[in-house]
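J.: I have a structure here, written as structure tokens, and I will follow up with some questions on it.
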Amino acid sequence: MLLIHCPWCGVRAESEFRCTGQVKPPRSEFVHKSDEAWLEYLYQADNRRGILEEYWCHEKGCGQWFKLRRDTTTHEIMDGDTDS
Ligand SMILES: [Zn+2]
């Protein structure tokens with residue numbers, strides 16, 4: 001089980017959180033490019049090995065959203081970020 005540091009509550013079990021996916025560039029960069037670019041933005045994820053920045057919600061705790069960086073190979077979690 002992963003232990004995740006919520007910036008507001010401290011370290012909690014992964015089961016209290018929900019990950020909603022990778023942090024992407026702003027929508028405005030893709031919405032008017034082309035239909036293909038927009039579809040790729042909406043439905044494709046890098047799904048690569050290594051460090052990714054993801055959106056997480058402490059849904060069974062304080063309900064706050066934050067970003068954290070996680071190594072998808074080792075599941076090591078780096079510092080979270082609250083400016084999401
Ligand atoms: Zn929390």
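J.: Suppose a student asked you for the relative contact order of the stretch 3-81, using Cα pairs under 8 Å spaced at least 6 residues apart; what percent would you report?
T.: 31
J.: Before rounding to the nearest 500, sum -39500 (n - 2.57) across all DSSP H runs of length at least 4 in the chain and divide by the residue total; then give [θ] at 222 nm in deg cm²/dmol.
T.: -3000 deg cm²/dmol
J.: Toward the positive end of the charge dipole of the chain, about the Cα centre and with charges on Cβ (Lys, Arg +1; Asp, Glu -1), which of 61, 6, 74 goes farthest?
T.: 61
J.: Rounded to the nearest 5, what % of the DSSP beta bridges within the stretch 3-81 are antiparallel ones?
T.: Close to 100 percent.
J.: Something else now. What Cys residues in the chain have no fellow cysteine's beta-carbon under 4.7 angstrom?
T.: Singleton cysteines: 19, 57, 62.
J.: Once the piece of chain linking residue 2 and residue 62 is laid out straight, how much longer is it, given 0.36 nm per residue of separation minus the C-alpha distance between them?
T.: Working it through step by step, the gained length comes to 19.8 nm.
J.: Given charges of +1 on the Cβ of Lys and Arg and -1 on the Cβ of Asp and Glu, with all other atoms neutral, how large is the dipole of the stretch 3-81 about its Cα centre, in debye to the nearest 20?
T.: Dipole about the Cα centre, nearest 20: 120 debye.
J.: I've got another one for you. Want the number for residue 43 to residue 24: 0.36 nm per residue separation, take away the alpha-carbon distance, what's left?
T.: Full extension of this stretch gives 5.7 nm more.
J.: For the stretch 3-81, just the Cα set please: Rg and Dmax, both in angstrom.
T.: Reported Rg and Dmax, both Å: 14.4, 42.
J.: When the Karplus curve 6.51 cos²θ - 1.76 cosθ + 1.60 is applied with θ = phi - 60°, which whole-Hz ³J(HN,Hα) does each residue of the stretch 68-73 get, with x for Gly and Pro?
T.: Those phi angles translate into 9, 9, 10, 7, 6, 8 Hz.
J.: Within 10 Å, count the other beta carbons around each residue, average over each peptide in 55-67, 15-27, and list them highest first.
T.: So the peptides 55-67, 15-27, ranked by packing, come out 55-67, 15-27.
Read-outs throughout are calculated quantities, based only on the coordinates presented, and are distinct from any laboratory measurement. Not measured: the values here are computed from a predicted model. Neighbour counts are summed over all protein chains in view; Cβ atoms, including those assigned to glycine, are modelled from backbone coordinates with ideal geometry.
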